[in-house]
1. When ranked by the protection proxy of mean other Cβ atoms within 10 Å per residue, highest first, what sequence do the peptides 58-69, 236-247, 106-117 form?
2. Grab the other residues whose beta carbon is less than 10 angstrom from that of Leu146, score K and R as +1, D and E as -1, and report the net.
3. Give me the number: length gained by fully extending Thr275 to Asn247, i.e. 0.36 nm times residue separation minus the C-alpha to C-alpha distance, one decimal in nm.
4. Along the Cα→Cβ direction, 7 angstrom out, place labels at Lys164 and Ile86. What is the inter-label distance in nm?
5. State which entries of Lys164/Lys257; Lys102/Lys159; Lys169/Lys236; Lys35/Lys153 exceed 32 angstrom in Cα-Cα distance in the structure shown.
6. When only Cα pairs under 8 Å and 6 or more residues apart are kept, what is the percent relative contact order across the stretch 225-287?
7. Within the set of other residues whose C-beta is less than 11 Å from the C-beta of Ala101, count the net charge using Lys and Arg as +1 and Asp and Glu as -1.
8. What distance in nm separates the two pseudo spin-label positions at Gln129 and Lys102, each 7 Å out from Cα along the beta-carbon direction?
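The numbers here are math on the coordinates, done by the rules we state, and not lab data. Small disclaimer: the values here were computed from a predicted structure and weren't measured. Counting neighbours? That spans all protein chains shown, and the Cβs are built from the backbone with ideal geometry, glycine included.
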Amino acid sequence: MWVSMPGNNSLINYSYKLFLSQWRWSLKHTLMEKKCFIIVPVSDPDGYAQGHFNRVYDYIVAPACRSAGFWPTRADSSTDNALEIIKNIIDSDMAICDLSAKNSTALYGLAIRQALDLPVTLIKDLKSQTSFSIMEQGVVEYDESLRIDTVQKEVEILKEALGKTFEAKAVTSPLLDRLNIGPRATAPIIFEPVINTTFDEPAAQEEVAPKESALPIISPLPDYVGDPITETGIEKLKVGDFLFHMNHGKGEIRNMKKMGKDKIAELLFDSGPKTLVIGTPGFFRKIIA
């Protein structure tokens, strides 16, 4: 029985293709100078299929990072050393914290990044609940079913969020610069004094109005505004209803979620969409039909 073995040319071609593939991968890694540290649930929590968050990383998180120009690095695949993980959380240009399934490690990473004023993007699946204070910071949500018709859109949304978050934090924290840790800023900010070159008589100093601590209350109220909404009225609210907010005016409920005794709603005002707690007393009033 004869067994055919590849000739020298076949071995050379295979070796060349393998080398070329590795070289391209290494070059792509080199070109992506910015590093994104990703904290996703490590194990398989209750209610999730085996390997679910590996698929979340492969289908959504990693493609979005690469599209945004970041090299993705998972916390659970980089090292088991706690100090090295903390160092990676600080030294990375960007971090993604997946808060799904009450991921405590992601909350730990979020606390470190926020304490040092470093850019961080929060994500979670639709079925996971989190506190309102975190939701106010902006969380990119994805469908945990990982359906093919939603994954591509979610990759684009996460890519855009990464870019905007990174641009908003382009300057590093002075504390990090003094400690010589964390990503470096591209250039320092220099504040130059403004010199008055005219020789006119100095004008009288204008009084500076004190900065408002809160948005102004709308007064007088429009004719279509009724009494403050009660707890019973809050329970009856649904998507499509209109409410009047004492700061923002008339708004339509576009989305609404229950959290404890309160309801968190996304309302569309003339000034744009806002996410607010409807349970806040005194700020919401009925709309008279």
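1. Descending packing order for the listed peptides: 58-69, 106-117, 236-247.
2. My count for the surroundings of Leu146 gives -3.
3. 8.7 nm
4. 3.3
5. Among Lys164/Lys257; Lys102/Lys159; Lys169/Lys236; Lys35/Lys153, the Cα-Cα distance tops 32 Å for Lys169/Lys236.
6. RCO, the stretch 225-287: 38 percent.
7. My count for the surroundings of Ala101 gives -2.
8. 1.0
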